[in-house]
1. Counting only heavy atoms of protein chains, what accessible area per residue, in Å², does the chain have with a probe of 1.4 Å?
2. Computed over the Cα atoms, what is the radius of gyration of the stretch 185-226 divided by 2.2 N^0.38 Å, N being its residue count?
3. Treating the Cα atoms of the chain as identical point scatterers in vacuum, please give the log10 of the normalised Debye intensity I(q)/I(0) at q = 0.06 Å⁻¹, two decimals.
4. Quick one: net charge of residue 245's neighbours, Cβ under 15 Å, K/R +1, D/E -1?
5. Amide H of residue 41 versus every other amide H placed in the peptide plane: which residues, excluding those fewer than 5 positions away on the same chain, fall under 5 Å?
6. Given 10 Å bins starting at zero, what is the percent of C-alpha pairs of the stretch 1-92 in each, up to the one with the largest pair distance?
7. What's the center-to-center distance, using Cα atoms, between the stretch 230-248 and the stretch 164-184 in Å?
8. If you line up the long axis of helix 263-278 against the longest principal axis of the chain, both from Cα atoms, how many degrees apart are they, to the nearest 10?
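The values are calculated or read from the model by the stated rules, or taken from the named source; none is laboratory data. What you see is a predicted model; the values in this text were computed from it and never measured. Positions of Cβ are generated from backbone atoms using ideal geometry, with glycine treated the same way; all protein chains shown enter the neighbour counts. These accessible areas exclude ligands, DNA and RNA; they are computed on the full protein's heavy atoms, side chains included. Shrake-Rupley method; radii C 1.70, N 1.55, O 1.52, S 1.80 Å.
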Amino acid sequence: MQLLKLNSTLRFMSIRKIAMSLSTLLILASFASFFMKGMNFGLDFTGGTTVEVGFEQSADIEAVRTVLHENGFPDAQVQLFGSSTDVKIRLEPRPTDVKADMLSNQVLDVLEKTGQKVVIRSIEFVGPSVGEDLKEQGGLAMLTALICILLYVAFRFEWRFAVGAVAALAHDVLLTAGLFSILGLPFDLTVLAAVLAVIGYSLNDTIVVSDRIRENFRKIRIDDTIEIIDISLTQTLNRTLVTSITTLLVLVALFVWGGETIHGFATALLFGVFIGTYSSVYVASSVAVMMGISKEDLIPVEVEKEGAEFDEMP
């Protein structure tokens with residue numbers, strides 16, 4: 001059963017200029033945040049040490065942060081991890097002569113000044129050079145994905161659709177990264193994996209829309225490009241809504257009950273599903289329209305068979 005029964009075509013493209021203006025403003029705001037605030041890269045990219053500790057009773061985060069800052073760890077970033085008794089402490093890279101066990105003992109001695117019994121759950125160390133390599137490899141992974149998508153869509157559909165699809169994906173990546181920059185949320189490997197997942201989700205939606213537009217260009221006897229695109233988007237609306245809603249239900253559950261470990265992952269995907277659905281409708285299609293896509297570009301050229309003129313002779 002269809003989610004919506006549409007008796008008329010929705011005029012999506014009538015507000016494409018407003019949508020593109022909004023997207024441009026959001027992208028500019030993201031770039032401004034990149035230059036002014038930068039990204040709050042996690043331990044995976046910056047290097048450093050993460051210490052997870054367990055308190056006997058509920059931990060007072062402000063007290064833990066204060067005692068660390070006053071006792072030789074002014075750079076410590078403290079947050080709850082899982083339950084109210086589990087705390088994650090992130091420290092910037094230390095000199096190479098400081099061993100992990102030595103550092104954990106120092107942190108333990110300082111935390112015991114809060115008056116509670118504290119146990120070290122785990123300690124993780126990432127070198128600065130490893131973090132830089134991961135940052136570089138992550139950027140190359142996204143760039144490679146966009147180039148491969150550009151080539152695939154250009155081969156599968158038409159080069160104008162390829163440009164629109166890549167523009168939509170770049171739009172999604174920039175806005176998702178911009179959200180993390182503006183809010184100051186940690187950007188680590190799990191968030192990078194979520195961004196790559198957003199690329200796949202958005203691409204799937206864009207391919208479905210592009211395929212329906214191509215089909216309608218060949219099937220519907222209308223020369224108005226805008227009207228054909230509106231018809232195609234209306235026809236795919238039910239599928240888009242069902243996919244988005246079912247995906248969001250899972251992501252909301254992960255966001256609420258998934259715990260601190262995958263909080264950034266769920267946040268990126270939640271935002272990415274919204275922005276990916278929007279870009280499939282407005283960015284990809286609008287860019288194709290701006291580049292002059294028309295019926296003639298998608299109708300296959302009929303090749304005259306050799307000797308056909310002789311077959312037609314009486």
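1. Numbers: 17200 Å² over 314 residues.
Per residue, the chain has 55 Å² of solvent-accessible surface.
2. Values: Rg = 16.9 Å, N = 42, 2.2 N^0.38 = 9.1 Å.
Taking the Cα Rg and dividing by 2.2 N^0.38 Å, one obtains 1.86.
3. -0.32
4. On the way: positive: 239; negative: 205.
Here the charged neighbours net out to 0.
5. Those qualifying (amide H under 5 Å, at least 5 residues apart or on another chain) are 187.
6. Per 10 Å bin, starting at 0, the Cα pair percentages come out as 13, 24, 19, 15, 16, 12, 2.
7. Cα centroid of the stretch 230-248 versus Cα centroid of the stretch 164-184: 21 Å apart.
8. 20 degrees
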